[in-house]
Amino acid sequence: MVKWGFSHCPRSWYVMTRSVLRLCLVLGLAMISLAIASVTCAADWYVAPDGRPNNQGTLDFPWDFGSALDGTHKIAPGDTVWIKAGTYRHPDRSLNSPGFVVRLQGTEEKPIHVRAMPGHRVTVDGGLSVVAPSDYLWIWDVEILVSENFTMSREINEPGSHPQSYGRPWGGLNIHAGKGCKYINLVIHDNAQGVSFWRGATDSELYGCIIYDNGWKAPDRGHGHAIYTQNELGVKTIADCIMTGGYGYTMHAYGSENAYVDHYLVVGNIAYDGGTFLIGGGRPSKGIRVHDNILYNVSLQLGYSAPYNEDCEVLNNLIIYGGLAINRFRSVREEGNVIVPRGTKSAPPTPQVFVRPNLYDPNRGHVVVINWSKSTEVEIPLGKLAKRGYRYGLYDPRHLFDPPALEGRIDGDTIRVPLSGDFAVWVLKVEETK
């Protein structure tokens, strides 16, 4: 009988085995080191109004805004670009200016983050244009506007969607490409169009953005929308945004018979005092999901001129002083929607209060109050935002950078708020007491 063991193995076999084990140990330690390095090597870069493209991108020697975003620097997946407070004005003020071009490519596991430094107001004057190869990019907490709209007339004598007499940058957030990108808690106002979210952007998300007062008035109609979007592949998500004002549609998910308006998840948005909330065009649409939105003085329309559409879900939407139209869909799931026409006699006897916490910021949420009974005060349940001892602030969405409309200390699970009128919407922020 042969007994297997090191003492009975040939010495050459023993030496070889020991060498293999040593090699495996070395390789294993190397792989662990690489894994640790991959977790810890993400870098922080900095941008400032007085930054320069030939700086190091550090806090003391920051980059300029344009070179930080356009791919000039080696920003790696997982890195964060922090933007200091200030106004970043694009130098080209012509109508056809694309604004600041963005070319940053992260990965699904390691997106690149571009965001305002905490507590800093970052204003982009002239627009952002996201182009290939901008994949897995997250842009946070930035304000986008066109300053000429504060001094120049918003009424143009020339009809059409691209009047040459407009005479200022288009502005807005223009998303031409990018897979797996997220645009989070942006403030987009006073542009020709708020967000242009095109077919080349796939599986991407617009979340928590405040979009208001975009567009212009022309002899034929109002132009420029809060959101203009098309989609073919993947799912576009538009969630928990607040949209109001402007001259065109609120949501304009639309195109001709040659364009695609497919695969949308539209959830938790608040739209008030604006144009129609439309999803549909000349080509049949499919994969449309519209859930838990609140519309006030805004109508919801699914389907436009296409001879038919495939499928949609319209669930738990509240539409006040507006209508709901679902046009020529072969498969419709419609449940839990409440449509309240103007002059209704059956309104609830007490205010309705809705609080939606922000998925990306644990100290932020949106609050809507429908004040059916014209109460002078309402109690707001804070839910996850009930952080006792913290300060709270309720902000007018149009004045997010101004002092809060109301502030105080959180001492329980609710706060009491004075009311006037039959509708109110706020951005709720909480912060630890200093």
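The values are calculated or read from the model by the stated rules, or taken from the named source; none is laboratory data. Since we're looking at a predicted model, the values are computed, not measured. When we count neighbours, we look across all protein chains shown, and the Cβ atoms used for this are built from the backbone with ideal geometry, even at glycine.
Apart from one condition, residue 138 fits all of (1) in contact (Cβ under 8 Å) with a residue 40 or more places away in the chain; (2) in contact with a Cys (Cβ under 9 Å, 6 or more places away or on another chain); (3) in a loop (DSSP other than H, G, I, E, B); the exception is (3).
Taking region 174-202 as the range and being within 13 Å of the chain's Cα centre (by Cα), more than 21 Å from residue 122 (Cα to Cα) and part of a loop (DSSP other than H, G, I, E, B) as the test, only 180 passes.
Considered as a group, the residues in region 203-214 that are touching a residue at least 40 places away in the same chain (Cβ under 8 Å) and assigned to a loop (DSSP other than H, G, I, E, B) include one that is nearest to residue 112 (Cα to Cα), and that residue is 208.
Among the residues of region 258-267, none is identified as in a loop (DSSP other than H, G, I, E, B) and within 30 Å of residue 371 (Cβ to Cβ). Of the residues screened, residue 364 is one that is basic (Lys, Arg), surrounded by 14 or more Cβ atoms within 10 Å (Cβ to Cβ) and not assigned by TED's automatic domain parsing to the domain that holds residue 268.
For region 401-421, state whether one or more residues are polar (S, T, N, Q), touching a residue at least 40 places away in the same chain (Cβ under 8 Å) and farther than 30 Å from residue 254 by Cα. Yes, because at least one residue in region 401-421 is polar (S, T, N, Q), touching a residue at least 40 places away in the same chain (Cβ under 8 Å) and farther than 30 Å from residue 254 by Cα. The set of residues in region 76-108 being more than 17 Å from residue 136 (Cα to Cα), surrounded by fewer than 17 Cβ atoms within 10 Å (Cβ to Cβ) and β-branched (Val, Ile, Thr) consists of 87 alone. Any residue at all in region 215-228 that's in contact (Cβ under 8 Å) with a residue 60 or more places away in the chain and within 18 Å of the chain's Cα centre (by Cα)? No, because not a single residue in region 215-228 is in contact (Cβ under 8 Å) with a residue 60 or more places away in the chain and within 18 Å of the chain's Cα centre (by Cα).
Out of the residues in region 361-371 that are in contact with a strand residue (DSSP E or B) (Cβ under 7 Å, 6 or more places away or on another chain) and in a loop (DSSP other than H, G, I, E, B), which is nearest to residue 119 (Cα to Cα)? Looking at the filtered set, the residue picked out is 363. Total residues in region 410-434 satisfying the condition of being among the small types (Gly, Ala, Ser) and within 28 Å of the chain's Cα centre (by Cα): the figure is 1.
So that you can scan it fast, the table gives a plain yes or no per residue for (1) in a loop (DSSP other than H, G, I, E, B); (2) outside the structural domain of residue 196 (by TED's automatic domain parsing); (3) over 24 Å from residue 180 (Cα atoms):
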{"site": "49", "(1), (2), (3)": "yes, no, yes"}
{"site": "67", "(1), (2), (3)": "no, no, no"}
{"site": "77", "(1), (2), (3)": "yes, no, no"}
{"site": "91", "(1), (2), (3)": "yes, no, yes"}
{"site": "123", "(1), (2), (3)": "no, no, yes"}
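Suppose we filter region 401-434 for residues that are among the β-branched types (Val, Ile, Thr) and exposed (fewer than 13 other Cβ atoms within 10 Å of the Cβ); how many remain? So the answer is 1. The set of residues in region 293-324 being of a type outside the set (S, T, N, Q), more than 26 Å from the chain's Cα centre (by Cα) and within 23 Å of residue 260 (Cβ to Cβ) consists of 306, 307, 308, 310.
Applying the criterion of at least 2 residues that are touching a strand residue (DSSP E or B) at 6+ places or on another chain (Cβ under 9 Å) and crowded, with 22+ Cβ neighbours inside 10 Å to the strands (runs of 3 or more DSSP E) found wholly in region 268-360 leaves 270-272, 277-279, 288-291, 294-296, 300-302, 309-315, 318-320. Taking region 234-265 as the range and being β-branched (Val, Ile, Thr) and touching a residue at least 60 places away in the same chain (Cβ under 8 Å) as the test, the residues that pass are 242, 244.
Considering region 387-417, and only residues there that are part of a strand (DSSP E or B) and either of a type in the set (A, V, I, L, M) or at pLDDT below 95 (or both), the residue that is nearest to residue 377 (Cα to Cα) turns out to be 417.
For residue 250, the requirement of being among the polar types (S, T, N, Q) and under 21 Å from residue 273 (Cα atoms) is met.
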